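Accompanying notes for the structure given below.
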2 protein chains.
Amino acid sequence: MADLNFSNPSGAPDSRANEGRSSATAPAGLRWDIIELLFFAYRDFVGDADHELEAFGFGRAHHRVLHFVYRYPGLKVADLLDVLRITKQSLGRVLKQLLDEGYIVQKAGNNDRRQRLLFATAKGEALVAKLAGLQTDRLNRALRDIGPSGADAVRQFLRAMIDRDDPDKVLEAIFGAGNPTAKAKE
Amino acid sequence: MADLNFSNPSGAPDSRANEGRSSATAPAGLRWDIIELLFFAYRDFVGDADHELEAFGFGRAHHRVLHFVYRYPGLKVADLLDVLRITKQSLGRVLKQLLDEGYIVQKAGNNDRRQRLLFATAKGEALVAKLAGLQTDRLNRALRDIGPSGADAVRQFLRAMIDRDDPDKVLEAIFGAGNPTAKAKE
DNA sequence: AAGATATGTCAATATGGCTGACTTAAATTT
DNA sequence: AAATTTAAGTCAGCCATATTGACATATCTT
């Protein structure tokens, strides 16, 4: 195999992997370690679902749509656009497939019959629960060792990573109601 | 604006947002909350860099390449393919741009002159450090409130989220040497 | 009646993935 | 020395997912 380490076969500069800080900018050092851990953790986290989705001929985009429609039944198309931060045209393609194949249904709003309120069907629920199950398995494994207080720290960390200006409907639901966080909504 | 809540304008099923468990699979409930927090946290985390990259005419793919080349100087093309889990052809396009525009240079390996070892130039370092600075700012904000033990929990959680079978060179560096667990690294 | 809004759709384009086939140069094996 | 394997690069084309701009339709608001 040769050369499996990062030793320096060409006399070039040494690895910066363990520097802990860069010479370039931040006074207290850049958080290279967490930046990379987030990259790999998220890659493998979504990989669980990606693999399963292939069998259905779906991609990550279908998963995101189905997930939020299942979780927030009656979501409007406009809400979904806010949450996913994509354009109507991009959503249209994916949503049409999910509708055509019976994972989602639309109902006209009662107050405003222009609106198309979205709901997951039983078929849609089954798929989204299967995917969430895979991801939950990984999360449970990762949370097992750090205890309840660690899990709380993780939740608090993730919440604090999210932009709070201009929240969409889903974020309002997450941060608004029964979910007071470190500082709540401020 | 109308209808800013998730109340039920069409008599449809209630929101599942606060269920805590699904009727579908997992015995102890699916971790919907963390699944969603991860989605939003990662979306905003990479959004910091994405926005800045636009000004350079680069995309997320360029960032990933430049990041790992900077962090692990002398990385071979084959290593990069393992880490990013993309094909040679996909990498080729972005790598060529980064080479042409002077963010990365290649050197032939000493032991094996077929290899092209990759190094970030000063120009490349400046860009990658700028991007890491933006992401570090967000991380610092998020970690500030949970204290050192919370930060350790987050690190431990993220490490446990990553697949350990078939690790690439970078993961070997992260998990192998001076990084027995959530501690050390300094 | 006029205007604004919610959704859907057309056409064109870009990015970043993919596969398969092939070349070149250099290392390794026989 | 010759054959094979390996590392990298490239060509050609395909697909998924994103983009913008323009426009149609139905419906709500004024």
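The values are calculated or read from the model by the stated rules, or taken from the named source; none is laboratory data. These numbers come from a predicted model, not from an experiment. Cβ placement follows ideal geometry from the backbone for every residue including glycine, while neighbour counts extend to all protein chains displayed. For accessibility, only protein heavy atoms count, side chains too; no ligands or nucleic acids. Shrake-Rupley method; radii C 1.70, N 1.55, O 1.52, S 1.80 Å.
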(request) Exactly one condition in (1) at pLDDT 95 or above; (2) outside the structural domain of residue A:126 (by TED's automatic domain parsing) is not met by residue A:71; state its number. (result) (2)
(message) Between a residue in the range A:75-98 that is closer than 17 Å to residue A:119 by Cα and within 13 Å of another protein chain (Cβ to nearest Cβ) and any residue that is of a type in the set (S, T, N, Q) and within 11 Å of DNA strand C (Cβ to nearest atom), which pairs come within a Cβ distance under 7 Å, given they are 6 or more apart or on different chains?
(response) A:76/A:115
(message) I need the full set of residues from the range B:48-58 which are part of a helix (DSSP H, G or I), within 16 Å of DNA strand D (Cβ to nearest atom) and either in contact with a His (Cβ under 7 Å, 6 or more places away or on another chain) or farther than 17 Å from residue A:43 by Cβ (or both), in order please.
(response) B:51, B:53, B:54
(request) Looking for whichever is part of a loop (DSSP other than H, G, I, E, B) and either at pLDDT 95 or above or surrounded by 18 or more Cβ atoms within 10 Å (Cβ to Cβ) (or both) here; the options are B:165, B:112, B:79, B:137. Which one fits? (result) B:112
(message) Suppose the filter is out of contact with any strand residue (DSSP E or B) (no Cβ under 6 Å at 6 or more places or on another chain), open to solvent by 20 Å² or more (accessible area, probe 1.4 Å) and part of a loop (DSSP other than H, G, I, E, B); does residue B:102 pass it?
(response) yes
(request) Among the residues of the range A:108-128, write down those that are without any contact (Cβ under 8 Å) to a residue 24 or more places away in the chain and facing chain B (nearest Cβ under 8 Å). (result) A:108, A:110, A:111, A:112, A:126
(message) Restricting to the range B:140-156, give me the number of residues that are facing another protein chain (nearest Cβ under 7 Å) and either on the phi > 0 side of the Ramachandran plot or surrounded by 20 or more Cβ atoms within 10 Å (Cβ to Cβ) (or both).
(response) 8
(request) Kindly indicate whether any position in the range A:131-142 is in contact with a strand residue (DSSP E or B) (Cβ under 9 Å, 6 or more places away or on another chain), assigned by TED's automatic domain parsing to the domain that holds residue A:71 and not β-branched (Val, Ile, Thr). (result) no
(request) Being touching a helix residue (DSSP H, G or I) at 6+ places or on another chain (Cβ under 6 Å) and hydroxyl-bearing (Ser, Thr, Tyr) is the filter here, so list the residues in the range A:73-125 that pass it. (result) A:103
